[in-house]
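Quick note: the coordinates plus some simple rules give every number you see, no bench work behind them. Quick caveat, the model's predicted, so the values are computed rather than measured. Neighbour counts are summed over all protein chains in view; Cβ atoms, including those assigned to glycine, are modelled from backbone coordinates with ideal geometry.
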Amino acid sequence: MTEESTPADATGERPKRPRGGGGRRRKPRKRRKVLVVTAWTAASVVVLGGAGLGFLYFKLNGNIKGVDINAALGTDRPMDVDNGSQDILVLGSDSRSGDNAKYGKDEGGARSDTAMIVHVYKGHKKASVVSIPRDTLISRPECATDDGKTDPGGQRQMFNTAYEVGGPACAVKTVEKMSGIRMDHYVEVDFTGFKKLIDTLGGVDITTKKDIRDKDSHLDLDAGTHTLNGEQALGLVRTRHGVGDGSDLGRIQLQQAFIKALLNQVKDVGVFSNPKKLYDLANDATSAVTTDSDLNDVKSLASFANGLKGIGAGDMKMVTLPIQYDPADPNRVLPLEKADQEVWDALRADKPIPKSATEQSAGDKGDAGDVVDSH
């Protein structure tokens, strides 16, 4: 984990990085790693091609990487409730291997830098998004490791170590144990793929209400209106020290604001009048994502995205999992169990998240989410 991605406390002080993380380190994964913000956009862009992908189908199909979550987890999962809703785990990673090495040193284990559960309501007109802070201390379940062994899990484990210990399958298993909700799909996106996609889109228009200066994420923006290129957009969703209290909770708010700006813009890219742009977007999107095996072909991914295309930024409620700072360690956070249960119960019943669930949470306090406006 790089210095930029090391958690900081509410005062901005950076603690020494804890050793061990509650699990064995695993070798860096060879497949591209992820940045969570691109996942939603990638699926949305693929559907813009529709039947027009034609003979390019097989090339685009070969771009998509898949992980068989169902085979890895077997039957030890929550019941698959068929009520017309969908739940998708969208995961980010702090890996710095391969093309992502310029963003810092890879110290031997990829962790889930950011995680969001996207609940799409019946009718697919609205959605709720629940961000899980990576420093949340949880009871992590037993998981299979890459070397064929088993990690026993345990109490007070940081959420982001689930991916480090057992990859996507362990991340999904951990979320399902926390929530009691079966994940219908899993999506990841790569740093480099994120940048290319933003550049192909022609940038993302945002207005910053404050100056943002963060040398760690290489972002230097004056207050005002900007069209961010891929590198700047990546810096914005990675920045922490330039907004709010300097903690990861502030960065989550910033990411949520940026996602809404991105969703507002992706609907207006004009690809039908520009075949080259259509192909470039589809190529970038399919190259960027790693999905569960039910989505790892163009036809399935396009069908999935087609079911989401009616959901705009105004149709999404975005919250952070209700948490409090850990009294024993201010650099970690603890779930607010009663409030968390309100969130999970609402999603399981396909109902809106009640406002009461997040009123006492430290995760939705602060002004980082007000730094960015979309156009």
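Quick look at the numbers
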| item | result |
| --- | --- |
| Amide hydrogen neighbours beyond the local backbone of GLY363, cut-off 5 Å, H modeled | ILE323 |
| Förster radius 41 Å - calculated FRET efficiency between ASP80 and ASP199 (Cβ-Cβ, nearest 0.05) | 0.60 |
| Net length gained if the chain between PHE58 and THR227 were fully extended (0.36 nm per residue, minus Cα distance) | 57.5 nm |
| Gain in span if fully extended, GLN324 to LYS351, counting 0.36 nm per residue against the direct Cα distance | 7.3 nm |
| Neighbour net charge for LYS351 - beta-carbon separation under 13 angstrom, K R +1, D E -1 | +2 |
| Candidates per GluC sites (Glu not before Pro) in the range 132-222, loop by DSSP, up to 16 other Cβ within 10 Å | GLU142 |
| Where trypsin sites (Lys or Arg not before Pro) fall in DSSP loop in the range 147-240, at most 13 other Cβ within 10 Å | LYS149, LYS209, LYS215 |
| Subset of LYS59/LYS126; LYS126/LYS196; LYS59/LYS196; LYS210/LYS338 violating a 24 Å alpha-carbon distance limit | LYS59/LYS126; LYS126/LYS196; LYS210/LYS338 |
